[in-house]
Structures are given as structure tokens and as C-alpha cells.
Amino acid sequence: MADVLVRNHVVIRGRGQPMLLAHGYGCDQNMWRHVAAAFAGDYRVVLFDHVGAGRSDLAQYDEGKYATLDGYANDVLEICDALALRDVVFVGHSVSAMIGVLAAARRPELFAHLVLVGPSARYIDDDGYVGGFARDDIDKLLDQLDSNHLGWSRAMAPVIMGNADRPALAEELAESFCRADPAIAKAFARVTFLSDNRDDLARVVTPALVLQCSHDVIAPETAGRFVHERLRGSRFTQLKATGHCPNLSAPDETVTAIKAYLASARCPVA
Amino acid sequence: MQLEAYAALEDPYEDAPIGYCTTDHAGLITRINRTLLEWTGYGADEVIGRRRFADFLAIGGKMFLETHLAPALHLHGHVYEVALDLVRKDGAAIATLVNAVQRRDDLGHDLFNRITVFKATERRRYEQELLLARRESEQAAKDLARTIAELSRANEALARVNEELSQFTHAASHDLQAPLRGVSMYAELLAARYRGALDDTGRHYLAQLESGATRMRELVRDLLDLSQAGGAAMRRAPTPLDEVLAEVLQLLDADIRQAEALVASDPLPVVTADRRQLAQLLRNLLANALKYRHPERSPRIRISVRSVDDHWEFAVSDNGVGFAMEHAERIFEAFKRLHGSDIPGTGIGLALCRKVVAAHGGRIWAESTPGEGSIFRFMLPRDEAA
């Protein structure tokens with residue numbers, strides 16, 4: 001089981017009820033730095049990198065396994081099992097919101113709450129449903145990734161190839177956040193933006209909070225509302241924070257909203 | 001004077017060959033220089049306090065900005081040289097490279113972002129070409145791998161067919177031996193007991209029968225040898241070629257005497273090989289040199305050896321009738337003979353030689369001048385240990 005913790009570069013801070021923080025597409029566990037610090041006093045905060053991101057073990061990347069979000073949900077469950085986590089508050093950003101939904105649908109006994117930050121069950125518009133994107137948009141993102149990985153891939157190569165004769169570069173990259181292997185980033189973009197998890201929402205019995213940002217291009221309000229409506233008994237909180245990453249751009253507001261939800265859930269008003 | 005100084009300070013911002021803009025905490029553009037306005041085709045009043053930087057991007061760029069750039073900018077405080085296409089008011093795209101720096105207050109709250117934009121039309125074209133080249137080379141590598149896989153499958157199939165053929169030849173020639181022995185035996189009995197009772201025609205038939213049976217025995221023996229050369233029957237061991245040559249000369253002694261031939265050899269090395277097969281190789285080459293001797297002179301046969309890289313190169317040269325160089329390849333093919341029935345032969349000897357040499361990791365070839373003689377050369381790997 002120990003290799004699961006290495007594979008996903010699991011980091012634990014604080015003690016108490018477990019709070020599992022799952023980063024979204026395009027970044028790694030560093031995006032939780034403010035939120036993790038705010039909860040480490042009261043919770044056992046568990047951080048990890050999805051395989052292919054951050055300091056995860058790239059060698060464990062398996063195209064077949066990670067061709068669907070189930071592969072990632074499986075990793076989340078394995079981390080819970082490896083650490084014997086119960087009564088987990090799962091906080092998932094972006095695509096990890098749906099990864100949490102899949103994990104909670106499969107093993108509801110592990111989870112106390114789902115906190116979904118900027119969730120979308122389907123990014124592509126579909127017959128009355130507004131996800132915010134057309135199929136073609138995904139291809140444009142992939143092109144964009146190509147352009148921006150040109151320089152990166154040259155810099156990443158020694159790290160990926162395990163070549164240690166450029167220590168300065170390795171050091172620089174070790175200090176950089178949100179790095180990703182270009183090929184894996186493309187595959188993750190595909191599975192993220194082409195997934196359709198709308199039907200999975202009804203399978204969830206875990207209480208949930210939907211945190212919706214303002215002016216979020218990736219997960220527009222229609223998408224967040226849809227998740228809220230399909231998750232039975234979920235709450236919906238609209239943040240003033242703009243963009244798709246309130247955990248970075250407005251950590252105070254994000255932390256306050258999560259704390260308010262968890263406090264009220266603890267003393268339910270019948 | 002003051003006014004001029006102010007203008008001199010202002011111009012480098014407004015008219016720099018670089019686009020500048022500043023966005024506030026909510027992402028709205030609060031300041032933008034003339035250059036960036038010109039590039040994008042908007043007026044300052046349409047942009048300031050109204051548009052976000054993301055509004056200048058096409059959908060792919062927006063997604064990249066939100067999923068990659070924004071987190072990186074928050075975590076590092078800057079991002080450098082990010083490739084983005086800005087969309088002009090008229091819908092045209094401009095290739096740019098974007099840098100951004102985030103300014104924060106003492107508590108770490110971000111205050112504003114400074115964004116600088118460089119035109120990168122040429123660079124982007126190079127990059128697109130690089131990407132295209134990379135994709136093409138990846139495709140070529142895939143095609144190559146597929147071709148190699150197909151070739152290796154074809155090779156395996158060929159090897160299988162070859163093996164089956166070899167087994168068939170072996171089985172057929174082996175099974176032919178028993179009835180052939182019967183034919184020879186009864187021909188001998190017939191000759192021993194009834195030769196006197198036969199007339200000339202009968203004796204002629206009997207002689208034909210005996211010579212046919214002898215020829216067929218040779219053919220079957222050579223076929224068996226050919227089918228066994230190389231393959232599973234190989235027994236490799238250190239083999240002193242001097243000893244092998246002495247044995248072969250012993251076997252050919254009667255022919256050598258009859259032809260009044262002179263055979264000379266360099267001292268020969270020890271090689272790791274199948275002794276029986278190398279004996280067949282030398283016997284066939286020497287037998288050929290004797291068989292195709294010049295009618296007007298007695299055979300002079302010389303065996304020499306030299307070291308070439310990690311191989312031994314052997315040469316068996318004679319002063320026989322030789323052959324035209326256009327046949328230099330053909331003579332190594334089974335059943336291809338340059339001569340008719342005037343010189344007896346099964347057409348297998350040189351095919352066997354080639355198979356033996358190939359099975360030992362070497363090659364064999366021939367050079368000749370008609371009327372003057374031939375040289376048969378073959379290479380064998382030199383034993384590292386020896």
C-alpha cells in the first residue's frame with residue numbers, strides 16, 4: 001500500500017477528521033497551499049498529486065487506466081484505503097469534483113462530505129444543457145497545449161528521462177509548480193473535457209457543497225447549478241471570486257465558505 | 001520643460017513596440033497602452049473597466065489561461081513567454097508571447113497584474129513548423145516500426161518454411177537410402193551371378209543400372225549433408241583446421257594421386273566450429289579443384305589464410321579451367337551446374353559450402369579467370385579466446 005502514497009506523492013498535515021484535497025486539471029497539490037494551511041489546525045489534511053501531475057510517479061501513468069475519470073477515482077479510493085481514512089471531507093477542484101463524485105458513488109461509507117469547487121458534470125453543450133464548450137473547443141485547447149509545451153518539453157525532457165546531468169535545471173523545475181508531462185497533459189485534457197458524469201450525480205448519497213465562482217469560463221454557473229440540482233440535498237454557495245481557481249485567487253473567501261458549510265452541517269437545522 | 005519631460009516619460013509606455021496592460025484583482029483591465037489597443041483594434045473606452053485580458057483570447061487560450069496560467073501566476077508571481085493568440089476586434093488572430101507579473105500587498109492578497117505582450121508571428125510560424133516536423137517524424141518512426149515488425153514476421157515465416165523444407169529434404173533423402181541400397185545390392189547380385197548369361201546389350205543395361213545407382217547414392221548423400229548443414233545438428237567446438245585438412249587429404253588421396261595434383265597449405269588456425277561440417281566444406285572445395293582441372297596441366301592447389309578484422313579469410317586457389325565471373329553467384333545455388341554430364345557432379349557441393357559457412361557466421365564467394373584458375377574465398381569469425 002505504501003507505493004500508493006509514493007505514486008500520488010501524498011503529503012499529510014495536521015490531525016483530526018481527514019480532509020482530502022484533490023487538485024484540478026492543469027495544476028498540482030500546490031494550488032491548495034492557502035486552503036491546506038487554514039484547515040491543518042483542525043483537520044488531518046491529506047494532499048496528493050494525480051498521476052502525471054506534480055511530483056507523482058510518472059512511470060505509473062497508464063494510458064488505459066487513465067482514459068476515464070474512473071482510473072483517477074480509483075486512485076482516490078486507494079489513498080483512502082492506504083491511510084485507512086474514514087469520515088472523509090473530500091474537497092475537489094474542477095475535474096476532481098467529478099472524480100470525488102465517482103469515488104463517493106462507489107464507496108459512500110468512506111465519505112462524510114463532498115466540497116466541489118467549480119464543478120462541471122459535462123463541459124460540452126448538449127441538447128438544452130449548457131456546459132460552456134463545443135467539441136471543437138477541446139481541440140483548440142490541445143493546440144494551445146502544443147504551442148506552450150514546445151519550450152517546456154525541452155526543459156522537461158531531462159527530468160522525464162531521468163537524466164541528472166543538468167542539476168540546475170532539475171532544481172529549477174523542482175521549485176516550479178503545476179508542471180506536467182506534455183503527453184500526459186494532453187491525455188488528461190481529453191478525459192477531463194470529454195467526460196460526461198451527469199448520470200453519476202444521482203448515485204451520490206454523500207452530503208455536498210457546490211462552490212460556484214463568478215465569471216468562470218471553465219465551469220459556468222449553469223454547470224454548477226446543474227450539479228447542485230442533481231446532487232440530492234446539496235448546498236450551493238456563490239463566490240464573489242472570479243475565474244476558475246478561487247482557492248488561489250480568493251483563498252479567504254473559499255476557506256470561509258467551506259468552514260461555514262461544515263459548521264452548519266455539524267448542527268443541522270432539522 | 002516639465003511638459004516635455006512628461007511626454008518623454010509617457011511615450012515609451014504608450015508607443016513601445018510592446019503591448020502593455022494592467023488588470024485589477026477581479027481581472028478587469030485598468031490600464032492599456034496605445035500599442036496593444038492598435039493591435040487589438042479596440043478603443044480605450046471599450047476596454048478599460050469593461051474587458052478582461054481573457055476576453056482577448058480565443059476559446060483554447062481562455063481554457064489554457066484558466067487551467068494553467070492563472071494558477072501558475074498565483075503560485076509563482078509571474079509567468080514568462082506563454083504563447084497565446086489574441087483575437088482582434090475584427091476577428092483576426094495575432095500570435096503573441098505574453099509575460100505577466102503579479103503584485104501583492106503585505107498580506108499576500110493580489111493587487112494587480114502587469115501583462116506585457118510581444119508579437120511573435122515569425123516565432124510562432126517556426127514553432128508550428130517544428131511541431132509539424134515532430135509529428136511527421138513521430139509518424140515516420142511509427143511507420144518504420146510497423147515495417148520492421150512486418151519484415152520480422154515475414155522473416156520468421158521464411159525461416160519456418162526453410163526449416164520445413166530442410167526437414168523434408170532430410171526425411172526424403174533418408175528414406176530413399178533403403179530402397180536404393182536394395183537396387184544396388186540386387187544389381188551386384190545380378191552382375192555376380194548372371195553376367196555370363198547376358199549378351200552385350202544386357203551387360204550394357206547392367207552397367208547403366210550400376211552407374212545410375214552409384215550416382216543416385218552420391219546425390220542422396222549430398223542432399224542429406226545439405227539438409228543437415230547448420231541447424232540443430234551443429235556441434236561447435238575448438239577445431240584445429242590443420243587436422244581437418246589432413247583428414248580430408250587422406251580421403252581424397254586416390255583422386256590426388258590420379259590427377260598428379262600438388263596441394264600446399266599455410267598453417268591453419270583453430271576455429272570454433274562443427275568439425276564434420278568444416279571437413280565437408282574443405283572436401284568439397286578441394287574435390288572441385290581436382291574435378292575442374294585444366295586438361296593440359298596437373299592441378300596446383302593452394303590453401304592460404306589471413307586475418308581480416310575479427311575474421312579469418314581463407315582462400316582455396318587452383319589453376320583449373322575456371323569459369324566466367326557472370327556465373328560467380330549461380331554456382332553456389334543448389335542443382336545449378338555449369339557443366340553437363342562430361343564432368344560428373346550432383347550440383348550440391350557448393351550449395352553445401354555456402355550453407356556451412358553461413359551457419360558459422362561467415363560468407364563465401366568465388367573469383368575466376370576462365371582458362372587460368374579459380375579462387376574460392378570464405379570468411380569465418382575469429383575465435384576471441386584463441
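Assorted remarks:
- Scope region A:70-88; condition crowded, with 24+ Cβ neighbours inside 10 Å and not in a helix (DSSP H, G or I); matching residues: A:VAL88
- Residues located in region B:353-386, provided they are aliphatic (A, V, I, L, M) and crowded, with 22+ Cβ neighbours inside 10 Å: B:VAL356, B:VAL357, B:ALA366, B:LEU380
- Candidate set: region B:214-245, residues that are of a type in the set (A, V, I, L, M) and outside any helix (DSSP H, G or I); chosen: the one surrounded by the fewest Cβ atoms within 10 Å (Cβ to Cβ): B:ALA237
- Among the conditions (1) at pLDDT 85 or above; (2) crowded, with 20+ Cβ neighbours inside 10 Å, B:SER304 misses just one, which is (2).
- Any chance B:ALA171 is part of a helix (DSSP H, G or I), more than 51 Å from the chain's Cα centre (by Cα) and free of Cβ contacts under 8 Å to residues at least 24 places away in the same chain: no
- Restricting attention to region A:229-269, the residues being of a type in the set (A, V, I, L, M, F, W, C) and within 14 Å of chain B (Cβ to nearest Cβ) number 6.
- Within region B:81-102, the only residue that satisfies the criterion of being modelled with pLDDT under 85 and either more than 15 Å from A:GLN144 (Cα to Cα) or touching an Asp or Glu at 6+ places or on another chain (Cβ under 8 Å) (or both) is B:ALA83.
- Test result for A:ARG190, out of contact with any strand residue (DSSP E or B) (no Cβ under 7 Å at 6 or more places or on another chain) and basic (Lys, Arg): yes
- Residue count, region A:71-98 (criterion: charged (D, E, K, R) and within 13 Å of the chain's Cα centre (by Cα)): 1
- Complete set of residues in region A:128-149 that are among the hydroxyl-bearing types (Ser, Thr, Tyr) and closer than 20 Å to A:MET98 by Cβ: A:TYR129
- A:VAL10, sole failed condition from (1) crowded, with 24+ Cβ neighbours inside 10 Å; (2) touching a Phe, Trp or Tyr at 6+ places or on another chain (Cβ under 6 Å): (1)
- Checked against (1) more than 8 Å from every other protein chain (Cβ to nearest Cβ); (2) more than 17 Å from B:ARG124 (Cβ to Cβ); (3) crowded, with 23+ Cβ neighbours inside 10 Å, B:LYS89 meets all criteria but (3).
- Filtered by the rule that a residue be surrounded by fewer than 20 Cβ atoms within 10 Å (Cβ to Cβ), in contact (Cβ under 8 Å) with a residue 24 or more places away in the chain and either aliphatic (A, V, I, L, M) or within 14 Å of chain B (Cβ to nearest Cβ) (or both), region A:182-198 gives A:PRO182, A:ILE184, A:LYS186, A:ALA187, A:ARG190, A:VAL191, A:LEU194.
- Restricting the search to strands (runs of 3 or more DSSP E) fully inside region B:246-365 and requiring at least 1 residues that are closer than 19 Å to B:PRO381 by Cβ and in contact with a helix residue (DSSP H, G or I) (Cβ under 8 Å, 6 or more places away or on another chain) gives B:270-274, B:300-308, B:311-317.
- Among the criteria (1) in contact with a strand residue (DSSP E or B) (Cβ under 8 Å, 6 or more places away or on another chain); (2) surrounded by 11 or more Cβ atoms within 10 Å (Cβ to Cβ); (3) among the charged types (D, E, K, R); (4) modelled with pLDDT under 85, the one B:ASP105 does not fulfil is (2).
- Of all residue pairs spaced 6 or more apart or on separate chains, those with beta-carbon atoms under 8 Å, a first member in region B:46-74 that is charged (D, E, K, R) and a second member that is part of a helix (DSSP H, G or I) are B:LYS62/B:ALA54; B:GLU66/B:ALA54.
- Members of region B:96-124 found to be touching a residue at least 24 places away in the same chain (Cβ under 8 Å) and in a helix (DSSP H, G or I), listed by number: B:THR121, B:ARG123, B:ARG124
- Take the conditions (1) touching an Asp or Glu at 6+ places or on another chain (Cβ under 7 Å); (2) crowded, with 16+ Cβ neighbours inside 10 Å; (3) on the phi < 0 side of the Ramachandran plot; B:TYR292 misses just one of them, which is (1).
- Some residue of region A:45-58 being acidic (Asp, Glu), under 24 Å from A:PRO182 (Cβ atoms) and assigned to a helix (DSSP H, G or I): no
- Residue selected from region A:98-134 under the condition farther than 19 Å from A:GLU221 by Cα and without any contact (Cβ under 8 Å) to a residue 40 or more places away in the chain, by the criterion nearest to the other protein chains (Cβ to nearest Cβ): A:ALA103
The values are calculated or read from the model by the stated rules, or taken from the named source; none is laboratory data. Fair warning: this is a prediction, and the values are worked out from it, not measured in the lab. We place every Cβ from the backbone using ideal geometry, glycine too, and count neighbours over all the protein chains shown.
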